[in-house]
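Here the structure comes first, spelled out in structure tokens, and everything after it is commentary.
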Amino acid sequence: MTAKTRDGEATRARILAAARAQFGAQGFERTTIRSVASESGVDPALVMHYFGNKARLFAAASRLAIDFPDLSGVAADRVVDLVLPMFVEVWGPHGPFLPLLRSAATNRAAAQALLGVFVEQVSPALATVVPDRPAERTALVGAQLLGVAVGRYILEIPPLAEMSDGALTEWLRPVLARYLAGPAPA
């Protein structure tokens with residue numbers, strides 16, 4: 001690999017990091033190519049060279065995969081112990097999914113990217129621990145966690161935003177266990 005290739009990869013990574021931070025803090029509409037370029041220390045033309053336009057920059061910044069834990073054999077009431085640390089890492093204030101979450105309500109590409117992660121990664125992993133009706137059960141867990149993420153990291157509801165990860169785990173444990181393994185309604 002040449003020095004120019006390494007520099008190009010480092011520059012692209014710097015631009016993506018700045019874009020993720022700005023999309024996360026300001027959403028899609030208020031983030032500009034110029035502001036991303038300024039934060040990453042490059043000319044706006046270079047951002048355009050690598051990404052073409054703001055929508056493609058957003059798509060690249062939103063293209064994330066999570067390393068979902070293997071839940072095979074995990075009791076439903078212990079799933080939260082494995083899922084919550086990953087949840088905090090990816091949705092938290094410095095997490096890579098915060099830009100998606102912030103933008104999903106107003107930007108269809110963000111909503112589709114978020115849905116894609118759920119459908120392709122989260123739902124199949126959660127489905128391994130449910131006794132029946134995996135689509136409904138995993139959707140309820142997903143909705144619960146999305147709601148907590150919005151309340152904690154976007155709206156910053158004081159008790160929820162200030163709660164320790166341990167306390168949050170204890171509050172969520174029976175709820176997620178109920179969704180995953182409790183009796184399904186008729």
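The values are calculated or read from the model by the stated rules, or taken from the named source; none is laboratory data. On a predicted model such as this, the values are computed, not experimentally measured, just so you know. Cβ coordinates were reconstructed from backbone atoms using ideal geometry, including for glycine residues, and neighbour counts include every protein chain displayed. Protein only, heavy atoms only, side chains kept; ligands, DNA and RNA dropped before computing areas. Shrake-Rupley method; radii C 1.70, N 1.55, O 1.52, S 1.80 Å.
Determine the order of Ile66, Ile157 by accessible area, beginning with the largest, at a probe radius of 1.4 Å.
The residues order as Ile157, Ile66, largest area first.
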Under 14 Å, Cβ to Cβ, from Arg34 - net charge with Lys/Arg +1 and Asp/Glu -1: 0
Please give the net charge around Leu114, taking every other residue with its beta carbon less than 15 angstrom from that of Leu114, where Lys and Arg add +1 and Asp and Glu add -1. +3
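Work through the residues other than Asp165 whose Cβ is under 14 Å from its Cβ and net out their charges, Lys, Arg +1 and Asp, Glu -1.
Values: positive: Arg152, Arg173; negative: Asp81, Glu89, Glu162, Glu170.
Taking every Cβ under 14 Å from that of Asp165, the sum is -2.
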Could you tell me what percent of the accessible area of the range 1-146 is made up of carbon and sulfur, with a 1.4 Å probe and every protein chain present? 57
Cα-centre dipole for the chain with unit charges at Cβ (Lys and Arg positive, Asp and Glu negative), debye to 20: 660
I'd like the per residue volume of the convex hull spanned by the Cα atoms of the range 40-186, given in cubic angstrom. 129
Could you provide, to the nearest whole Å², the per residue accessible area of the chain with probe 1.4 Å? 53
Considering all alpha-carbon pairs of the range 2-102, what whole percent are spaced by more than 20 angstrom? 46
Note to self, the chain gives a 222 nm [θ] from helices alone (DSSP H runs n ≥ 4, -39500 (n - 2.57) apiece, / all residues, nearest 500) of -20500 deg cm²/dmol
So what is the relative contact order for the range 32-186, in percent, with contacts set as C-alpha pairs under 8 Å and at least six apart? 25
Pairs of alpha-carbon atoms within less than 8 angstrom and 6+ residues apart define the contacts here; what relative contact order does the range 109-186 have, in percent? 33
Tilt relative to the chain, helix 134-149 - C-alpha long axis, 0 to 90 degrees, to 10: 60
About the Cα centre, charge dipole magnitude for the range 88-186 (Lys/Arg +1, Asp/Glu -1 at Cβ), debye: 240
